[in-house]
Structures are given as structure tokens and as C-alpha cells.
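Enquirer: Please see the structure below; I have some questions.
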Amino acid sequence: FAGGWRALNIVLVVALGLQEPPTPRPGQRYEHNVDYYGNDLDHTVQPSPIACHAHCSSLPFCVGFTFQHFTDDAGRSDRRNSLGHCYTKLSTGGRRDAKPSQNLLSFTLPSARRSPLSPYRPAVVVRAHNTTESGAARIAGWAADMQSSSVPFWVSVDVTMGRGKEAVLRILKAADKLGVEIRIHSYTESEMLNAYPKLAYARHRLPRGEEDIPGPNGDRSLAWGYHSEAIGLFHRDEGTTNDYTHLWVFEEDVAVTGSLPRLLEEYQWDNGDLLASDMRPIEPMWYFYPMATEEFVARAGGPGFRINAREHVQRLSRSLLDALIEWALQGAVAWSEES
């Protein structure tokens, strides 16, 4: 639905042979011909779906799995054994139907199953700092689309650099053309540093120093890399007077190919504190891996418990936003951009 979702070249599915799969315990259900696409936690070879289930249950953050039996040279499921690929999942949000010929099976752990949220009061904020005229028109279009709902809509602009101030003018001009009002929240890098002093220490750990920030064009501030802390300023400033339960965060360069209010409605059943695309454990080889303070790593449970997610579109619960602010105030900050 948006530019934040990445399509993999290889579809990871769960497949069984023609034999009847093991029966789940009462109240549990395998989903046949269903693929939980993406959001892999790990990939192992397991002797059966039940073994894959047990493996998933033993992992922190695992909410479900997909299983694929080994196939013979003709691409058919091998009935001689039940060995197969086990793909454990951080999220089952990629659920989609698959062709019957694929013999697919997926499973969500009972503890991960959710009921509709009550109350569900979403809000939307678009992060911006160098918005082009076409980008401003797109954002104004979203604001117009949101007028059909009662969902609050903001644009939070980093005005540290001159381009941010120009972005505000472009967005307001585009909104005026459509006859819509847009609430603007603005902030600077200085405000981030005042709120979260540990960011000054984190800045000294940049792999290439000023080549990363302010960058070759001199148009980047700490908000380019530390999204949670920038969003934290918005939540601090606007969240106290608005009672949203969940905040949807869009980057300014995302494209939405449908109704934005409809998108928000589609996820009202999901009670996750964080919805994001392509969540996976962070790799030590990641360029910005060092850009997390010791306080952050300790609070996360250690290096092995850090998780990446695509930043383009995310939804955060109010409790998670409150926790992120508290972490940042205590010096627990980490890089977000290009995760």
C-alpha cells in the first residue's frame, strides 16, 4: 500500500506435502494455503511443523511461523520424510492467500492472536524536512483525504536547516490550493539535544563524522538518523492535548495508493505496540550498528535483542511512545534511519 514495504525477490512460504499435517491442540488452527510473507525472525531446518512450532515458542518475539517441506527434483513435496524449512515470524501482518498447488500451511501462536481494539483513536503525523512541491501536493492530498474521518493529522517538520522552513511554506501553499488546513509541528536539532542530551555523545560515534551529518549537502540534522527522538518531541508537544491511542508515522517520500482512512481502519484489530514492515534482528554488519548508546543496548536486553524495521510507515501505541521518551530521557537512544 505504501513505499515503505519491500518486496523480496524470493517468496518465503510454508508448504506441506499431501499427507495430513499434525493436528494442533484444541482451540488452535493451522491455516492452509496461507503465506505469512516477510518479517522473518530466523530460518532453520526442522523435522516437522510441530518442531517448528516448538522452536518458535522458544524464541523471544516469535508470534508465528511458516513451514516448507523439502521437495524432490520435480518440485513435489517429499513424502519420504517431514524435514522442512521453518521460518519463524516477528509479525504475521504479511498474511496472504496462496495457490492450493503450493500446499501451504501457516500458524499463529495463540498468545499472539488479537481482538479488535477498544478504544482505537489513531492519529497521523508525516515527518518532513526537505519536501518538494510534488511531495507537498501529496501531503496536502492526504490531509484532504483525512477530512472524511475524525483522525487528527499533522506534519512534523525539522526546521534546523533552511530547507525545512521552505518545506513548511510549500506544504501550507499546497494545502491552501485544496482548501484544507494542516497542523504544522516544527522543531530543531537544538531542541532535540536539549531534550535528550545523550544525543550529543551518540553524534560522536558517526562512522564518517560530518560526512553522515550534516552530510555532503549540509542538509541533515540528528533528526535524519534519530527518528524516535524526533517523534518523541512531537508526542511531548502534541500528545498531552490529544488523546490518540496510536500514532501512525509516515515519511514524506511515501506514496499511498488508496484511501488513507481505510488503511488506518484495516489495522484497528491489531493491538501491537509497533506495526512496521520487514522487522528482523539487527545485523552487526549494519553501517549504523554502533549508533546505540550503552543505555539503549542494556535496556533492550543486550545486543542480540535489537530489531530493525523499515521506517517509511509505522504505527506506535501511546504506551510505546511514552516508553521511548522515558528511554531517551535516560540516555537510551539508537539510530533509526536506513533500518
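Enquirer: Using just the alpha carbons, could you tell me how many Å³ per residue the convex hull of segment 78-229 encloses? Display every interim value, and only then the final one.
Expert: Working: hull volume 37.8 nm³, N = 152.
So the per-residue hull volume is 249 Å³.
Enquirer: How about Lys99: which lysines have a C-alpha closer than 27 Å to its C-alpha, ignoring those fewer than 8 places off in the same chain?
Expert: Lys89
Enquirer: Against the longest alpha carbon principal axis of the chain, how many degrees, from 0 to 90 and to the nearest 10, is the axis of helix 227-238 turned?
Expert: Once rounded, the angle reads 60 degrees.
Enquirer: Next question. Rounded to the nearest 500 deg cm²/dmol, what is the calculated helix-only ellipticity per residue at 222 nm for the chain, with -39500 (n - 2.57) per DSSP H run of length n ≥ 4?
Expert: On the way: 10 runs with 94 residues, N = 339.
-8000 deg cm²/dmol, from helical runs alone.
Enquirer: Right, another one. What angle do you read, to the nearest 10 degrees and between 0 and 90, between the alpha-carbon axis of helix 162-178 and the longest principal axis of the chain?
Expert: Roughly 80 degrees, rounded to the nearest 10.
Enquirer: Using only the Cα atoms of segment 137-214, each taken as one equal point scatterer with no solvent, compute I(q) by the Debye sum, divide by I(0), and report log10 of the ratio at q = 0.15, 0.24 Å⁻¹.
Expert: Summing over Cα pairs of segment 137-214 leads to -0.67, -1.05.
Enquirer: Okay, moving on. What nm distance separates the two modelled labels at His204 and Tyr287, each placed 7 Å from Cα along Cα→Cβ?
Expert: Computed distance between label sites His204 and Tyr287 equals 2.4 nm.
Enquirer: Sequence neighbours fewer than 8 away in the same chain don't count; with that in mind, list the aspartates and glutamates whose C-alpha is under 12 Å from Lys198.
Expert: Within the straight-line cut-off, Lys198 pairs with Glu229, Glu294, Glu295.
Enquirer: How about segment 127-179: which trypsin sites (Lys or Arg not before Pro) there are in a DSSP loop, with at most 16 other Cβ atoms within 10 Å of their Cβ? Don't skip to the end; give the middle numbers.
Expert: On the way: sites: Arg127, Arg138, Arg163, Lys165, Arg170, Lys173, Lys177; in loops: none.
The qualifying sites: there are none.
Enquirer: When all C-alpha to C-alpha distances in segment 277-324 are sorted into bins of 10 Å, what percent of pairs does each bin hold, rounded to whole numbers?
Expert: All Cα pairs considered, the percentages come to 22, 52, 26, 0.
Enquirer: Enumerate the aspartates and glutamates that Lys165 could reach by cross-link, defined here as Cα to Cα under 14 Å, with residues fewer than 8 away along the same chain left out.
Expert: Glu133, Glu189, Asp219
Enquirer: Another question, then. So for the pair Arg96, Phe61, with labels modelled 7 Å out along Cα→Cβ, what separation do we get in nm?
Expert: Spacing of the two 7 Å Cα→Cβ label points: 2.3 nm.
Enquirer: If you don't mind, there's one more thing I want to ask. Any idea what log10 I(q)/I(0) is at q = 0.11, 0.16 Å⁻¹ for segment 192-339, Debye with uniform C-alpha scatterers and no solvent?
Expert: Log-scaled intensity ratios, in q order: -0.44, -0.95.
Enquirer: If you take the beta carbon distance between Gln330 and Leu109 as r and set R0 to 25 Å, what does 1/(1 + (r/R0)^6) give as a FRET efficiency, to the nearest 0.05?
Expert: Working: r = 32 Å, r/R0 = 1.27.
In this case the efficiency is close to 0.20.
Enquirer: Apply the Karplus parameterisation 6.51 cos²θ - 1.76 cosθ + 1.60, with θ equal to phi minus 60°, to every residue of segment 133-143 and state each ³J(HN,Hα) to the nearest whole Hz, in sequence, with x for glycine and proline.
Expert: 4, 5, x, 5, 5, 5, 5, 4, x, 5, 4
Enquirer: Which chymotrypsin sites (Phe, Trp or Tyr not before Pro) from segment 92-157 combine a DSSP loop assignment with at most 16 other Cβ atoms within 10 Å? Present the calculation step by step, with values, prior to reporting the outcome.
Expert: Details: sites: Phe107, Tyr120, Trp142, Phe153, Trp154; in loops: Tyr120.
For chymotrypsin sites (Phe, Trp or Tyr not before Pro) across segment 92-157 that sit outside H, G, I, E and B with at most 16 neighbouring Cβ atoms in 10 Å, the list reads Tyr120.
Enquirer: Please report, in whole Å³, the volume per residue of the convex hull around the C-alpha atoms of the chain. Walk me through the numbers before you get to the answer.
Expert: Numbers: hull volume 51.8 nm³, N = 339.
Convex hull volume per residue, Cα atoms: 153 Å³.
Each value in this text was obtained by applying a stated rule to the coordinates, not by laboratory testing. Since this is a predicted model, take the numbers as computed values, not measurements. Positions of Cβ are backbone-derived with ideal geometry, glycine not excepted, and every protein chain shown enters the neighbour counts.
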